[in-house]
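The next block holds one structure in the form of structure tokens; read it before the comments.
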Amino acid sequence: MATTAVELRLAGLLAAVFVLGGCPRVEVAAFPETETAEPAVRVGLGLPVADIAVGGGGPLILTGRDGGGLVEIPAGATGVVAGNGTAVWARVGGVQTSAASALTIRAADTAGTVRVGGRDYRGEVLVTPSPAGIQVVNLVSLEAYVAGVVNAEMGRRGAQDLAALYAQAVISRTVAVRALGRYRVRGYDVINTIADQAYAGVGSETDLGWEAVRGTRGEVLTYNDAVIEGFFHSTCAGQTEDVEAVFSGGPQAYLRSIEDRGPDGRPYCAISPRYRWREEWTGSALQDLLVRQGSGGGGASVASDIRVASRSGTGRVTGLTVVRAGASAAVAGQNAVRQALRLSDGGWLRSTRFTLQATRSGGRLVTLVAEGGGNGHGVGMCQWGALGRARAGASYQEILSAYFPGTELRRLF
């Protein structure tokens, strides 16, 4: 897709990209002295897929990359867009279109939305070939993107939580602006999962979410006149984590550990359903866990222990040791620890703020129990903490200042 004028105006914000322990970190140039236009964001939707259903809502128009190959899908009707790695095409009403290098899907009505994969999105949807079939990208204005993120990340909230929604809108916009151009060669800026930010399009929008977006229009967090790296997580359990304890790339003055407690000493995020938790592995589940830990083919039959090897300055687990007869294996890094101690549904352990208790019989490990608190990596804004602060009367500016000390709110457009 050709570079737009808006993208050119924003190009001065962005510089080189480097990888932060699996989480992209982007170096950003100085903040512009004058306001710029609202940018568009390219959001990867379920990358990649073999095909995707299109339509079922309002009427749609499909065109080729050059604007030709016009195909209409009437309101309520559906079609399928597919590809073979070199071209894409649509099947609508039993008729297949000519193969094209790309297809753009937009609403026939300028105020309408585009339904793909059963979800409605604002803006346009671009479909291009990929080795697995097709790549689907939603090209949407930044503010509409943020509106699709706020409640997808924070859930549906009441008026008492509005300041927290405002804070989420600012940090989500900050994350998006920081990511512009990051994956340009791949055709998108962010993906629609928590690997970047949860984004569910129109279906996740709420009136309060839109109020938070409009009330903070164009606002991002900056530090030393540069857009910051915006991290957030679900539940810190009373203390956030230093960024360098989780991700590579070095410390940041505004991503330091803070005590996240009210005047009464109670953590602001104590209202979270993940404030405290317990996990237990026994039998075959424990054997599978040990095999994933590199304990060898013997699994639980040869393992005698899994223990905490190291902790960060905030008490989070940074390393594990798996003990076998005559040997041991190490797991290093907070993200590796959470991946290693997976839950029964395959998800990561909720956090690294936990203790371990192992039960052994005949020199073999038979039960492992983790008792802990919190949910997520612990860096940056605690979302449940932000909700607790909002309910205690904090403004969104105060919430952001607490989690990102030394930063400044600036309006981009």
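The values are calculated or read from the model by the stated rules, or taken from the named source; none is laboratory data. Since we're looking at a predicted model, the values are computed, not measured. FYI the Cβ positions are ideal-geometry reconstructions off the backbone, even for glycines, and counts take in every protein chain you see. Heads up: the accessible areas ignore ligands, DNA and RNA and are worked out on the full protein's heavy atoms, side chains in. Shrake-Rupley method; radii C 1.70, N 1.55, O 1.52, S 1.80 Å.
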Fill in the blank from the handout: Spelling it out for Arg353: with amide H atoms placed in the peptide plane at 1.01 Å from N, the residues 5 or more places away or on another chain with amide H under 5 Å from its amide H are Val317, Gly373
Handout entry: Value in Å of the Kirkwood radius, where the stretch 270-413 supplies the Cα pairs that are averaged
Key = 17.0 Å
Exercise for the section: Would you please give the residues with an amide H less than 5 Å from that of Met381, counting only those at least 5 places away or on a separate chain, with H modeled from the backbone geometry? Expected result: Phe231, Phe232, His233
Practice task
Would you kindly derive the ³J(HN,Hα) couplings of the stretch 146-156 from the backbone phi angles with the Karplus curve 6.51 cos²θ - 1.76 cosθ + 1.60 (θ = phi - 60°), listing them in order in whole Hz, with x for Gly and Pro?
Solution key: 4, 4, x, 9, 3, 7, 5, 8, 9, x, 7
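Determine one quarter of the surface area of the Cα convex hull of the stretch 52-99, which equals its mean projected area, and express it in nm² to one decimal.
If you wrap the Cα atoms of the stretch 52-99 in a convex hull and average its projections, you get 3.3 nm².
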Practice task
Place a +1 charge on the Cβ of each Lys and Arg in the chain and a -1 charge on the Cβ of each Asp and Glu, then give the dipole magnitude about the Cα centre in debye, rounded to the nearest 20.
Solution key: 1080 debye
Exercise for the section: Rank Pro263, Pro251, Pro129 by mean-square fluctuation in a GNM of the chain with C-alpha springs under 10 angstrom and give only the top-ranked residue. Expected result: Pro263
Problem - Cβ crowding within 10 Å averaged over residues, with 205-211, 153-159 ranked highest first - result: 205-211, 153-159
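If I take all pairs of Cα atoms in the stretch 221-286, what percentage of them are more than 14 Å from each other?
The share of Cα pairs beyond 14 Å in the stretch 221-286 comes to 69 percent.
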Fill in the blank from the handout: SASA check, Leu221, accessible area w/ 1.4 Å probe, all protein chains in place, rounded to nearest 10 Å², comes out at 0 Å²
Practice task
Among Asn84, Gly67, Pro39, flag the residue with its Cα farthest along the positive direction of the charge dipole of the stretch 27-142, charges on Cβ as +1 for Lys/Arg and -1 for Asp/Glu.
Solution key: Asn84
Exercise for the section: Count charges around Gly376 for me, please; just the other residues with Cβ under 12 Å from its Cβ, Lys/Arg as +1, Asp/Glu as -1. Expected result: +3
Fill in the blank from the handout: What the Cα atoms of the stretch 150-283 span along the principal axes, largest first and in whole Å, is 44, 42, 38
Problem - Calculated from backbone phi, Karplus (6.51, -1.76, 1.60) coupling profile of the stretch 199-204 in Hz, x at Gly/Pro - result: 9, 10, x, 4, x, 9
Completion exercise
Mean separation of Cα contacts under 8 Å (at least 6 apart) over the residue count of the chain, i.e. the relative contact order in percent, is 16 percent
Exercise for the section: State the percentage of accessible surface on the stretch 28-109 attributable to carbon and sulfur atoms; use a 1.4 Å probe and exclude ligands, DNA and RNA. Expected result: 52 percent
Completion exercise
Among Ile194, Ile61, Ile306, the residue with the largest mean-square fluctuation in a Gaussian network model of the chain built from Cα contacts under 10 Å is Ile194
Completion exercise
Ratio for the chain, C-alpha Rg to 2.2 N^0.38 Å, reads 1.09
Problem - Between the stretch 74-93 and the stretch 210-263, the alpha-carbon center distance in angstrom - result: 41 Å
Completion exercise
Computed, not fitted: 222 nm per-residue ellipticity of the chain from DSSP H runs ≥ 4 (each -39500 (n - 2.57)), nearest 500, equal to -5500 deg cm²/dmol
Handout entry: Candidates Ala253, Ala163, Ala111: whichever shows maximal mean-square fluctuation once the chain is modelled as a Gaussian network with Cα springs under 10 Å
Key = Ala111
Handout entry: As computed over the stretch 52-149, the Cα convex hull volume per residue (Å³)
Key = 95 Å³
